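One structure is given below, encoded as structure tokens.
What follows draws every value from the coordinates through simple rules; no lab data is involved. If you're wondering where the values come from, they're calculated on a predicted model, not measured in any experiment. When we count neighbours, we look across all protein chains shown, and the Cβ atoms used for this are built from the backbone with ideal geometry, even at glycine.
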Amino acid sequence: MPHLLVVDDEPNTRAALVEIVRAQGFTTSAAGDLREACIQIAYQMPDVILADLKLPDGNGMDLFKEVEAAGTVEFIVMTGHASVESAVDALRMGAADYLVKPINMQRLKSVLDRVPRTGDLKAEIGSLRGELRSFGRFGKMLGNSAVMQQLYDKIGKVAPTEATVLLIGESGTGKELAAQTVHDLSLRRKRPFLPINCGAISPNLIESEMFGHERGSFTGADRQHKGFFESAHGGTLFLDEITEMPVELQVKLLRVLETGMLMRVGTNREIETDVRVIAATNRDPEEAVADGRLRADLYHRLNVFPLELPSLRERGDDIELIAQSLLDQLNHAHKTHKIFSTDVLEALAVHTWPGNVRELKNYVQRAYIMSDERTITSSAVPLQISTAKPAMASTISLAIGVSLAEADRKLILATLEHCGGIKKQAAEILGVSLKTLYNRLEEYAERDLSSTPEALAAGNDDMCDANSRLETQV
């Protein structure tokens, strides 16, 4: 039976916590200050410490040094609303989770439900490192380069905790797959993993989609709707492109992260939520703060444990490893035995990969389709043709007398192509809102001009249907 030490200087709070913890199947001990806690630790090393940050003789995190050598003690801190930043600092130091006073007993129980299994999870992460040495895999992630080894080490440390993670990396580096890996190696893995692209939701609907709404809260709200936070309850919510979230909504997101409580649109009733948030951006987050796209307080709350995903060009031999894995999947799916020629592998190694793994995946798919022979050669699909159109198409030509509407259309589509299909980036270059760009593209699709609705909706993923069956690997 796991043992838990409660450290709090308020006798009534301490006694209540002891009763709750015992009801959850723990043996317990209690202390009112650091000195007494150290005596309890010397008497019996706890599996879990639940400690207030503010104690009469110091900071609760000072106890972390007393148990750090043991390596198996889970540390949960308690804090008042005014010292949430201190709790975030505690997470960075190694605490598994934190609770805001007054303690929400249901949240405490959900935290304790996860804690006793952490040792087994750490053993599983250790076994994954053995798999990495043998096959170059870490869970669903693929790669054996030094920079990826460092990334795996960090994921292995943060995954079993409740720390908020901020993924930073170029488009196509596999941020969603990294987020999935963190979830799969966490104590929440049996609960939902819900990926959300903040830039793909209408600004008018994003609050309702995020937090839900009550029936009749606005025109068209004919039923109650649970938002992403409620749908991911007990699991992980992945907020991709966090800098695209409207600034006014960022304030509400910050409050949910700090209190664990949300309110649906159209009500003042608070609802408890138990969700771990992983956020991601392909921008420099500090530049986004300076530009006013990301609130500084939200950035610091999300940046508890930052993870930088390396670009493909930094990963050396991983390029060939990933390309071969993607080709193996295609061969298996279609019962073929195609291989890369030496010149293709050499070309892959020297290419700059501005689209990263997404670009590599697209190239392998095209090369497989276009190659009629067993050996895929560079003549089947030259790498320069299959990729970097954005860098090549920097100008467009217009005939004298062309209509303004036609010129506008050509400029928009050329800019979108230049940006690799990333609509937000194209809107910024064109100096229009994302909504305006979407409206124009819908008009062009309806008029059946140069792009189909499916292609326009696909954004930066222009692969054929067979590609949807190809498992993403990074």
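The Rg/Rh ratio of segment 3-103, with Rg taken over Cα atoms and Rh as the Kirkwood radius over Cα pairs, comes to 0.92. At a Förster distance of 51 Å, what's the computed FRET efficiency of LYS109 paired with GLN329, Cβ-Cβ distance as r, to 0.05? It comes out at approximately 0.75. PRE reach from LEU411 (point 7 Å along Cα→Cβ): which of segment 419-439 fall under 11 Å by backbone N? 430-432, by backbone N distance to the label point. Rounded to the nearest 20 debye, the dipole size of segment 3-103 about its Cα centre is 120 debye, using +1 on the Cβ of Lys and Arg and -1 on the Cβ of Asp and Glu.
Sites listed here are trypsin sites (Lys or Arg not before Pro) in segment 281-346 whose DSSP assignment is loop and whose Cβ has at most 11 other Cβ atoms within 10 Å: LYS335.
A Förster radius of 51 Å, combined with the Cβ-Cβ distance separating THR336 from ARG22, puts the computed FRET efficiency at roughly 0.25.
A simple count of charges around GLY169, restricted to other residues whose Cβ falls under 9 Å of its Cβ and scoring Lys, Arg +1 and Asp, Glu -1, yields -1. Compute the FRET efficiency between ILE429 and ARG35 as 1/(1 + (r/R0)^6), taking r as their Cβ-Cβ distance and R0 = 45 Å, and round to the nearest 0.05. Working from the Cβ atoms, E equals 0.15. Taking label positions 7 Å along the Cα-Cβ direction at both GLU10 and GLN44, the computed distance is 2.6 nm, reported to one decimal. Run down the lysines and flag those whose C-alpha is under 18 Å from the C-alpha of LYS423, throwing out any fewer than 8 positions away in its chain. Output for LYS423: LYS389, LYS410, LYS435. Over segment 313-387, what is the relative contact order in whole percent, taking alpha-carbon pairs under 8 Å and six or more residues apart? The normalised contact order for segment 313-387 reaches 36 percent.
Reported to two decimal places, what Rg/Rh ratio describes segment 120-308 when computed on Cα atoms with Rh from the Kirkwood expression? Expressed as Rg/Rh, it is 1.00. Counting only residues at least eight positions apart within a chain, or on another chain, the lysines with an alpha carbon under 21 Å from that of LYS65 are LYS54, LYS122, LYS154, LYS157. When only the Cβ of Lys, Arg, Asp and Glu is charged (+1, +1, -1, -1), the dipole of segment 120-308 relative to its Cα centre reaches about 620 debye. The Cα center of segment 276-347 and the Cα center of segment 91-112 differ in position by 32 Å. For the pair SER217 and ASN197 in one chain, pulling the backbone fully straight at 0.36 nm per residue adds 4.8 nm over the alpha carbon distance. The orientation-averaged projection of the convex hull spanning the C-alpha atoms of segment 313-387 amounts to 4.3 square nanometres. Projected label points at ILE369 and GLU320, each 7 Å from Cα along the beta carbon direction, are separated by 2.7 nanometres.
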